[in-house]
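Q: I have a structure here, written as C-alpha cells, and I will follow up with some questions on it.
The values are calculated or read from the model by the stated rules, or taken from the named source; none is laboratory data. Small disclaimer: the values here were computed from a predicted structure and weren't measured. Cβ placement follows ideal geometry from the backbone for every residue including glycine, while neighbour counts extend to all protein chains displayed. In case anyone asks, the SASA skips ligands and DNA or RNA and just uses the protein heavy atoms, side chains included. Shrake-Rupley method; radii C 1.70, N 1.55, O 1.52, S 1.80 Å.
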Amino acid sequence: MMDVAKLIRDSNARITMIKYQEEILPEDVKFGSSSCWLVEEEEPFVSEGPEKIIFVDSRRRRFTSIEVEGYVLLLTQIVTGAVLLENHRCKPLFSPDEPPTVKLVLGVPDVIAKRWNVLNGEQVSIGRLSCDVAVGLTAKDATDSYMQEIERRTVERFLQEALVVKDGAINFTTPTFQIERGPLGLVKNIHMPYVDAEKFRTFGLMKKGQRSRCFATQLAEGEELLKVMSYLKLSDTPGLRGLVRIEAVVQKDCFAGSKRHIFELFGRLCGTLVRVSDDSGLIPRTPEDTLPVVFLEKYLDRYFYSETYVRCAFIEAVKETKNFSTEIS
C-alpha cells in the first residue's frame, strides 16, 4: 500500500485542518487561458508601508441547511467589521455600543424564491428568528453576494479615513481605486489565478517579501473597468504557503494617470503585510491570514449568536414538519 505522506511533504502542500464541517473548503485552482497582460514594466519593489491601514473582513457561521424539493436553503449568520492598524497596534473600529454589522441570512435558490414569492432583501421570520432573505442561483451564491454587498458598504464607510484593505477579492465595481485610499483586496485563498499554471508556479517560488510585477485584466466583458493585481510571498517555503494576491479595481480611462500610484501603494502595502505576518506555523491559517486579520476575526467571533439558541429556535419553529431531521451537523 502506497504511503503518500512523503509526496505530501515533498510538494510543500498548504494544509488546513477542518475544525467545523460548515467551514468553506478550498477549491481547485481554476486555470484557464491567461486573460491578463503585464502593466508594470520596471522591477517590482516592496517599501515602507502606510502609517494607517483599515482592514475590513467578515465572519460567517452556517447554522442549518434546509432541503426543499431537491434545493438547499442555508441559514447563515454574517458579521462584518473593521480594525485600524496604526503605530504597530490594532484596534477594532466597533464596540458593544457601536457593534459591527450583524445579520442572520436565509439563502434561498431563485427557484424556491419564486415559488415562495419572497424577494431578495426581504425580512422574514422563522419562529423567533428574524432573517434577511438573500436570493441567488444557489443558497451559497446568494449568501456570498449578500456578504460582498455588506463588505462593500463597510469599505465605502471608511474610505476617506485611511487606506482600506478588504480581506478577499475586490468583486464590486464601486468604489473604484482612489489614490492613497484604495480600496485594495487581499486574496489569500486563490481559486482564480488569472495566469496559466506555469506562471502561477513561479509565483510560489518567490522568496519572502518578493512581489510579482503588476498585471491587469478586464473586470467584466463590456465594462470599462480593470482589475490590477500583484502576487506577494509571505514565506520562504516554496509553493502556496504564504502566497497572497493584492488587487484593485480602476476605471480604464483613469489607469494611465493612476498606475504609478497603484504600483507604489501595492509596494508599500506589501511591506506592511510582510511585517505583520507570522510564518511560525503556531497560529492557524497564517501566514496567509496576516495578524491584523487574525485580530479582527477574533473580535468578530464575539458577535456570533449562540449556536444552541439559533438551532433550538429553528427546531421549535419547524418541529411539526414531517421530514424534519434533528441530525444537523
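Q: Just for segment 265-319: of the residues that are part of a helix (DSSP H, G or I) and among the basic types (Lys, Arg), which one is farthest from the chain's Cα centre (by Cα)? Write out each step before concluding.
A: Step one: list which residues in segment 265-319 are part of a helix (DSSP H, G or I), which gives 265-275, 291-301, 307-318.
Those left that are additionally among the basic types (Lys, Arg): 268, 275, 298, 311.
Working: Arg268: 21, Arg275: 21, Lys298: 16, Arg311: 26 Å.
Among them, the one singled out is Arg311.
Q: Ok, one more. Give Arg115, Arg62 a once-over and let me know the one that is open to solvent by 10 Å² or more (accessible area, probe 1.4 Å) and farther than 26 Å from Pro292 by Cβ.
A: Details: Arg62 fails: farther than 26 Å from Pro292 by Cβ.
Being open to solvent by 10 Å² or more (accessible area, probe 1.4 Å) and farther than 26 Å from Pro292 by Cβ holds for just one of Arg115, Arg62, which is Arg115.
Q: For segment 226-242, does any single residue satisfy the condition of being charged (D, E, K, R) and closer than 21 Å to Pro183 by Cβ?
A: First pass over segment 226-242, keeping only residues charged (D, E, K, R): 227, 233, 236, 241.
Cutting the leftovers down to closer than 21 Å to Pro183 by Cβ gives us 227.
Among the residues of segment 226-242, at least one is charged (D, E, K, R) and closer than 21 Å to Pro183 by Cβ, which makes the answer yes.
Q: How many of the residues in segment 135-148 are hydrophobic (A, V, I, L, M, F, W, C), surrounded by 16 or more Cβ atoms within 10 Å (Cβ to Cβ) and more than 19 Å from Tyr305 (Cα to Cα)?
A: Taking segment 135-148 and keeping what is hydrophobic (A, V, I, L, M, F, W, C), we get 135, 137, 139, 142, 147.
This time we only want the ones that are surrounded by 16 or more Cβ atoms within 10 Å (Cβ to Cβ), so: 135, 139, 142, 147.
When the remaining residues are screened for being more than 19 Å from Tyr305 (Cα to Cα), the result is 135, 139, 142.
Here the count works out to 3.
Q: Please find, within segment 26-40, the residue that is farthest from Asp196 (Cα to Cα) out of those that are open to solvent by 100 Å² or more (accessible area, probe 1.4 Å) and at pLDDT 65 or above. Steps first, answer last, please.
A: To start, the set of residues in segment 26-40 that are open to solvent by 100 Å² or more (accessible area, probe 1.4 Å) comprises 28, 30, 33, 37-38.
Filter again for at pLDDT 65 or above, leaving 30, 37-38.
Working: Lys30: 9, Trp37: 12, Leu38: 13 Å.
Only one residue fits best here, namely Leu38.
Q: Any residue at all in segment 68-79 that is modelled with pLDDT under 85, open to solvent by 80 Å² or more (accessible area, probe 1.4 Å) and over 16 Å from the mean Cα position of the chain (by Cα)?
A: Yes, that holds for at least one residue.
Q: What pairs come up if the first residue lies in segment 113-138 and is on the phi < 0 side of the Ramachandran plot and modelled with pLDDT of 85 or more, the second is assigned to a helix (DSSP H, G or I) and open to solvent by 60 Å² or more (accessible area, probe 1.4 Å), and their beta carbons are under 8 Å apart, counting only those six or more places apart or on different chains?
A: Ala134/Ser145; Gly136/Ser145
Q: If we keep just the residues of segment 193-241 that are polar (S, T, N, Q) and surrounded by 14 or more Cβ atoms within 10 Å (Cβ to Cβ), which is nearest to Val276 (Cα to Cα)? Write out each step before concluding.
A: Taking segment 193-241 first, the residues polar (S, T, N, Q) are 202, 210, 212, 217-218, 230, 235, 237.
Next, from what is left, pick out any that are surrounded by 14 or more Cβ atoms within 10 Å (Cβ to Cβ): 210, 212, 217-218, 230, 235, 237.
Details: Gln210: 15, Ser212: 19, Thr217: 29, Gln218: 31, Ser230: 18, Ser235: 12, Thr237: 17 Å.
Filtering segment 193-241 for residues that are polar (S, T, N, Q) and surrounded by 14 or more Cβ atoms within 10 Å (Cβ to Cβ), the one nearest to Val276 (Cα to Cα) comes out as Ser235.
Q: Something else now. Which of the residues spanning segment 176-189 are within 18 Å of Ser58 (Cα to Cα) and open to solvent by less than 20 Å² (accessible area, probe 1.4 Å)?
A: Here is the first cut: in segment 176-189, the ones within 18 Å of Ser58 (Cα to Cα) are 183-189.
Pro183, Leu184, Gly185, Leu186, Val187, listed by residue number.
Q: On the given criteria, is Ile53 of a type in the set (Val, Ile, Thr), modelled with pLDDT under 85, over 22 Å from Thr308 (Cα atoms) and not in a loop (DSSP other than H, G, I, E, B)?
A: Values: of a type in the set (Val, Ile, Thr): yes; modelled with pLDDT under 85: no; over 22 Å from Thr308 (Cα atoms): yes; not in a loop (DSSP other than H, G, I, E, B): yes.
No.
Q: Could you pull out the residue among Arg245, Arg241 that is of a type in the set (D, E, K, R) and either under 13 Å from Leu184 (Cα atoms) or at pLDDT 90 or above (or both)?
A: Every option except Arg245 fails the conditions.
Q: To continue, here is another question. Considering only segment 68-86, state which residues are over 17 Å from Val293 (Cβ atoms) and in contact (Cβ under 8 Å) with a residue 12 or more places away in the chain.
A: So the first thing to find is which residues in segment 68-86 are over 17 Å from Val293 (Cβ atoms), and the list is 68-77.
Within segment 68-86, Val68, Glu69, Tyr71, Val72, Leu73, Leu74, Leu75, Thr76, Gln77 meet the criteria.
Q: Residue pairs, Cβ under 9 Å, 6 or more apart or interchain, first in segment 161-187 and over 15 Å from Ser145 (Cα atoms), second open to solvent by 30 Å² or more (accessible area, probe 1.4 Å) and of a type in the set (Asp, Glu). List them.
A: Ala162/Glu51; Ala162/Glu86; Ala162/Glu180; Leu163/Glu180; Val164/Glu156; Pro175/Glu156; Arg181/Glu161; Pro183/Glu156
Q: OK, next. Do we find that Glu151 is open to solvent by 20 Å² or more (accessible area, probe 1.4 Å) and among the acidic types (Asp, Glu) in this structure?
A: Numbers: open to solvent by 20 Å² or more (accessible area, probe 1.4 Å): no; among the acidic types (Asp, Glu): yes.
Answer is no for this residue.
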